[in-house]
Amino acid sequence: MSSQSTPSATSPVTANYTEKLWPNFWGWVIVLGLSAAGILIFIPISPSAGFVAFGVLLLLQIVILVTSTPTITVTPDTLQVGRAQIERKFVGEVSIHHGEDATAQRGIKLNGLAYLCIRGWIKPVVKIEITDPDDRTPYWLTSSRNPEYLAAALRGVGQQ
């Protein structure tokens, strides 16, 4: 459920990567179930009120999920993860973490000053070191369904 552009092997200067951290299948099932609860609440008033409540709740939850889904974007000049953006020249070492190592990065190994854009339904995480001397943030930690592509895009574009 993620969209991406893999880095181009022939032209690293124009390498771009984009990924939306959409909810998984079960997230959408929960939205449908919560919306269906509107039917149960309003059907004693009238069946049409129940179905109107279902439609309104469904539409409202879809709008909230779509507008709040973060995007990871890598361009030759910038990296944007969710609402945070930084110039590529301040991106340092990039590491990929899977399984128990990813769990540890999100938990016991987490630095309290790190910027987080993690989603519980996406297990792998990418740790991106920040080298800006004016920024107290040591690194960004982000979930990614395609951590290898994200790391390759961050490593593949020439930095000034």
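The values are calculated or read from the model by the stated rules, or taken from the named source; none is laboratory data. None of these values were measured; they are calculated from a predicted model. Cβ: placed from backbone, ideal geometry, glycine included. Neighbour counts: every protein chain shown. Note: accessible area is taken over every heavy atom of the protein model, side chains too, but ligands, DNA and RNA are not part of it. Shrake-Rupley method; radii C 1.70, N 1.55, O 1.52, S 1.80 Å.
Some values worked out for this structure:
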read-out: Qualifying position, being in a helix (DSSP H, G or I), at pLDDT below 95 and over 22 Å from Leu113 (Cα atoms), among Leu58, Leu40; value: Leu40
read-out: Which listed residue, of Thr131, Thr103, is in contact with a helix residue (DSSP H, G or I) (Cβ under 6 Å, 6 or more places away or on another chain) and open to solvent by 60 Å² or more (accessible area, probe 1.4 Å); value: Thr131
read-out: Every residue from segment 59-77 that is within 13 Å of Asn16 (Cα to Cα) and exposed (fewer than 14 other Cβ atoms within 10 Å of the Cβ); value: Asp77
read-out: In segment 37-51, the residues that are surrounded by 15 or more Cβ atoms within 10 Å (Cβ to Cβ) and not aromatic (Phe, Trp, Tyr); value: Gly38, Ile39, Ile43, Ala49, Gly50
read-out: Residue in segment 82-90 that is closer than 23 Å to Pro23 by Cβ, in contact with a Cys (Cβ under 7 Å, 6 or more places away or on another chain) and surrounded by fewer than 20 Cβ atoms within 10 Å (Cβ to Cβ) present; value: yes
read-out: Condition check for Gly33: within 30 Å of Gly156 (Cα to Cα) and either without any contact (Cβ under 8 Å) to a residue 24 or more places away in the chain or in contact with a Phe, Trp or Tyr (Cβ under 9 Å, 6 or more places away or on another chain) (or both); value: no
read-out: Residues of segment 70-112 satisfying the condition of being among the hydrophobic types (A, V, I, L, M, F, W, C) and outside any helix (DSSP H, G or I); value: Ile72, Val74, Leu79, Val81, Ala84, Ile86, Val91, Val94, Ile96, Ile108, Leu110
read-out: Residues of segment 135-146 that turn out to be modelled with pLDDT of 95 or more and in contact with a helix residue (DSSP H, G or I) (Cβ under 9 Å, 6 or more places away or on another chain), as a count; value: 4
read-out: Residue in segment 111-127 that is closer than 18 Å to Asn16 by Cα and either touching a helix residue (DSSP H, G or I) at 6+ places or on another chain (Cβ under 7 Å) or open to solvent by 20 Å² or more (accessible area, probe 1.4 Å) (or both) present; value: yes
read-out: Search result, residues across segment 23-37 that are under 26 Å from Arg145 (Cβ atoms) and assigned to a helix (DSSP H, G or I); value: Phe25, Trp26, Gly27, Trp28, Val29, Ile30, Val31, Leu32, Gly33, Leu34, Ser35
